[in-house]
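Only one structure is covered here, and it is reproduced in the block below.
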Amino acid sequence: FEWKPLSNVSLAFEPGIFWNKTYTQWIDVFGDPYAPTYGQRYVFATMHQTEFSAGLRLNWTFTPQLSFQLYMQPLISAGDFHDFKELARAKSYEFNHYGQTGSTIDLNDGTYIVDPDGSGPAGTLEFSDPDFNYNSLRANAVLRWEYLPGSTFYLVWTQSRSFESESGRFRFEQSLEDLQHVNPDNIFMVKLNYWLNW
């Protein structure tokens, strides 16, 4: 979307939304002599991912010699993992789902504990909860001044802020609010060009 409220001002907004469901998202591999897949247990999960991104651009030309540009890019991404499972046997796309047919799975303080064969001889497996939330905001502003023909002065400001959590839930408004409370990294730069007309 682009809007020009004045002949020298333009605003552009480019939103994007992405949904992804992966049935066999890789989690980890564990050595186990009782595993039916060459002494290794290959663990997968179903992942639902939702991601919102956008680009917001402002162009403002004050005079032919003086202009201002602002670009902002928010990103909100969440991944929810469930239905943990392992390959049932080699050279197949069949799975043993944890929590079924005698196996158990429990979540304790952010760590999954799995007993793949219940009362069988195999030991337990442990892995961290892979759910994720990643949120970021990047901004870039440039003031350009042509103080002499062919000679320019630039003042640049760049800000970035981001944070991660492990809820796995996509919460648009909450993520934007949390980004406001993150301590940003700010960078200021000055560039001066002078044209030597020899």
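Of all residues assigned to segment 113-130, at least one qualifies as being within 17 Å of the chain's Cα centre (by Cα), in contact (Cβ under 8 Å) with a residue 60 or more places away in the chain and crowded, with 16+ Cβ neighbours inside 10 Å.
Per-residue answers, yes or no, for (1) of a type in the set (A, V, I, L, M); (2) in contact with a Gly (Cβ under 9 Å, 6 or more places away or on another chain); (3) without any contact (Cβ under 8 Å) to a residue 60 or more places away in the chain:
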residue: Phe1; (1), (2), (3): no, no, yes
residue: Asn20; (1), (2), (3): no, yes, yes
residue: Thr46; (1), (2), (3): no, no, yes
residue: Trp60; (1), (2), (3): no, no, yes
residue: Thr63; (1), (2), (3): no, no, yes
residue: Ile76; (1), (2), (3): yes, no, no
residue: Glu86; (1), (2), (3): no, no, yes
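Quick one: what pairs do we get from segment 172-198, first residue under 30 Å from Gly150 (Cβ atoms), second surrounded by fewer than 10 Cβ atoms within 10 Å (Cβ to Cβ), C-beta under 9 Å, 6+ apart or different chains? As it stands, the answer is Trp195/Pro149; Asn197/Pro149, since those pairs meet every condition given. Looking at Leu66, is it aliphatic (A, V, I, L, M), under 30 Å from Pro149 (Cβ atoms) and open to solvent by less than 60 Å² (accessible area, probe 1.4 Å)? Answer is yes for this residue. Filtering segment 164-184 for residues that are part of a strand (DSSP E or B) and closer than 26 Å to Trp19 by Cβ leaves a non-empty set.
Give the residue that is surrounded by the fewest Cβ atoms within 10 Å (Cβ to Cβ), with candidates limited to residues of segment 152-198 that are hydroxyl-bearing (Ser, Thr, Tyr) and more than 18 Å from the chain's Cα centre (by Cα).
Here is the first cut: in segment 152-198, the residues hydroxyl-bearing (Ser, Thr, Tyr) are 152, 154, 158, 160, 162, 165, 167, 175, 194.
Remaining after also requiring more than 18 Å from the chain's Cα centre (by Cα): 152, 154, 158, 194.
On the way: Thr152: 15, Tyr154: 13, Thr158: 16, Tyr194: 10.
Applying the filter and picking the extreme gives Tyr194.
The values are calculated or read from the model by the stated rules, or taken from the named source; none is laboratory data. All values reported here derive from a predicted model rather than from experimental measurement. Positions of Cβ are generated from backbone atoms using ideal geometry, with glycine treated the same way; all protein chains shown enter the neighbour counts. Surface accessibility is based on the protein's heavy atoms, side chains included, excluding ligands, DNA and RNA. Shrake-Rupley method; radii C 1.70, N 1.55, O 1.52, S 1.80 Å.
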